[in-house]
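J.: Take a look at the following structure, please.
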Amino acid sequence: MNQWTNFTKGFIKENPVFVLLLGMCPTLGVTSSAINGLGMGLATTFVLVMSNLVISLIKSQIPSKVRIPSFIVIIAAFVTVVELTMQAYLPSLFKSLGLFIPLIVVNCLVLGRAEAFASKNNLLSSLVDGVGMGLGFSFALTLLGAAREFFGAGKIFDIVVYPEDYGMLLFVLAPGAFIVLGYLIALINRMNKA
Amino acid sequence: MAQKESSFLNMVVTLTIVALVAATVLGFVHDLTKADIELAKKVAQEKAIKSVLPPFDSLGESWKTLPADGADSLEFFPAFDAEQKLVGVAVKTYTKNGFSGLITLMAGISADGNISGYEVLEHKETPGLGSKMDVWFKDESKPSQNIIGKNPVTSNLEVTKDGGEVDAITASTITSRAFLEAIKRAYNTYKEAADQQEATAKADSNKKGGQS
């Protein structure tokens, strides 16, 4: 496969959130603001790239019956690395994302790419796939977060656009996540069909 | 390279190796970041103390007291000015009644007994709702929700729904209740400790007076 299409497929064509519908838990949970979405996206990207890399390296050494537990241990190790590092060097981001970081372990996106791609492809393709999918995921989460922050609190990346009192609280709450996600999926589907 | 066969031995060996390597890596990372995590926590705590108290010169020795109505102790950080006079006390307080459990706050009590400030240290409240407490209760343009400068003795620090005089955060009454509970717990525990200190000081001086 051409590495460029492999890289770009994660953004629109096979966007993990809008098209593959993977990793819905953090998608709906953390995207109450753009910065939270971006932070979560980048943390997931790191885990995705590293786990894709390691798994594609050792894939032939792992008996297929225990591949899932092995993948999960590898993913969990990288998640903990991210968690500890963030706690040490980015305490303020950790404060707002703290609860969701350990949940990257059970993000279907990471395990899904490990199982569907990294365990069948070579090192370079897996690496490119991880970066592309991760950035696509970050892009989707940031977009979702920005839309919810804009409609709900009148801000984007904490920059005030209009007074908060006019915001629709619904968008910051869980139903807002579903509504915005639905519209964005419809939009992306329209773009993909066109 | 051919795929390894799923024999019992292969599976056990693979899982053991994977787990061992992962554990080793985590051990290293933990050692590497341990000092920095402690440092980040300490810096955050000092910053919180500075922001909740009026300007001060030095911090005295901290102490811990068990509150009358809680299982964990509160930590007190007294602050003094250049003449060693008490400026205020920062109290690390908590409540377990938040919408999603534990909330840890740093509350400042100035020497005259008013709330001089607060800072939210840790919480798991709903983002965009309960999480607004970090600014909500110190908004100077809205006196009905501002608790800064109020004295818990003269002001009824409860949400209006419960008959108090503080406006709760919109759609987050539970968080607001828990927040105020933590603030009051800090104040009450501090007052009790201060009264006790005064009483013992008085008793001491009385004793001395009797002897002379």
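J.: Could you compute the net charge surrounding B:T33? Neighbours are other residues with a C-beta less than 14 Å from the C-beta of B:T33; K and R count +1, D and E count -1.
T.: Net of charged neighbours comes to -2.
J.: So, one more: As a test of the definition: which semi-axes, in Å, follow for segment B:1-88 when you take the square root of five times each eigenvalue of its alpha carbon gyration tensor? Largest first, please.
T.: Result for segment B:1-88: semi-axes of 53, 17, 9 Å.
J.: What is the projected area of the convex hull of the Cα atoms of segment A:63-142, averaged over all directions, in nm²?
T.: The directionally averaged projection comes out at 5.9 nm².
J.: Still on this model: Over all pairs of distinct alpha carbons, what does the Kirkwood formula give as the hydrodynamic radius of the protein assembly as shown, in Å?
T.: With all distinct Cα pairs of the protein assembly as shown included, I get 24.4 Å.
J.: What number, in percent, do you get for the relative contact order of segment A:54-194 if the mean sequence gap of Cα pairs under 8 Å and at least 6 apart is divided by its residue count?
T.: So the answer I get is 18 percent.
J.: Now a separate question. Give me the tail of P(r) for segment B:53-207 as a percent: Cα-Cα pairs with distance above 29 Å.
T.: Percent of Cα pairs beyond 29 Å in segment B:53-207: 18.
J.: Go ahead and estimate [θ] at 222 nm for chain A from helices alone: -39,500 (n - 2.57) per DSSP H run with n ≥ 4, summed, over the residue count, rounded to 500.
T.: Calculated from helices alone, the mean residue ellipticity at 222 nm is -21500 deg cm²/dmol.
J.: Output the relative contact order of chain B, whole-number percent, from Cα pairs under 8 angstrom with separation of 6+ residues.
T.: Computed over chain B, the figure is 14 percent.
J.: Over the Cα atoms of segment A:1-121, Rg to Rh with Kirkwood Rh, two decimal places?
T.: 0.98
J.: Would you tally the net charge around A:S60, using a Cβ to Cβ cut-off of less than 14 Å, leaving A:S60 out, and scoring K and R as +1, D and E as -1?
T.: Around A:S60, the surrounding residues sum to +3.
J.: Show the residues, 5+ positions off or on another chain, whose built amide H is closer than 5 Å to the amide H of B:Y94.
T.: The list, which skips near neighbours in sequence, is B:L105.
J.: Could you give me the ³J(HN,Hα) list for segment B:100-110, computed from phi with Karplus coefficients 6.51, -1.76, 1.60 and θ = phi - 60°, whole Hz, x at Gly and Pro?
T.: Computed from phi, the couplings for segment B:100-110 are 10, x, 5, 10, 10, 10, 10, 10, x, 10, 6 Hz.
J.: Under the Karplus relation 6.51 cos²θ - 1.76 cosθ + 1.60, θ = phi - 60°, what is the ordered set of whole-Hz ³J(HN,Hα) values for segment A:12-20, x standing for Gly and Pro?
T.: 10, 4, 10, 4, x, 8, 7, 10, 7
J.: Specify the angular offset, from 0 to 90 degrees and rounded to the nearest 10, of the alpha carbon long axis of helix B:173-211 from the longest principal axis of the alpha carbons in chain B.
T.: 50 degrees
J.: From the backbone phi of segment B:69-74, what are the Karplus-calculated ³J(HN,Hα) couplings (6.51 cos²θ - 1.76 cosθ + 1.60, θ = phi - 60°) in whole Hz, Gly and Pro given as x?
T.: Result, rounded to whole Hz: 10, x, 8, 10, 7, 9.
J.: Show me the trypsin sites (Lys or Arg not before Pro) within segment B:100-153 that DSSP assigns to loop and that have at most 15 other Cβ atoms within 10 Å of their Cβ.
T.: Within segment B:100-153, the qualifying trypsin sites (Lys or Arg not before Pro) (loop, at most 15 other Cβ atoms within 10 Å) are B:K124.
J.: Okay, moving on. For segment B:1-51, report the convex hull volume of the alpha-carbon atoms normalised per residue, in Å³, without decimals.
T.: Once divided by residue count, the hull of segment B:1-51 is 110 Å³.
None of the figures in this text is laboratory data; all of them are computed from the coordinates on show. Not measured: the values here are computed from a predicted model. Note that we place each Cβ from the backbone using ideal geometry, even for glycine, and neighbour counts take in every protein chain shown.
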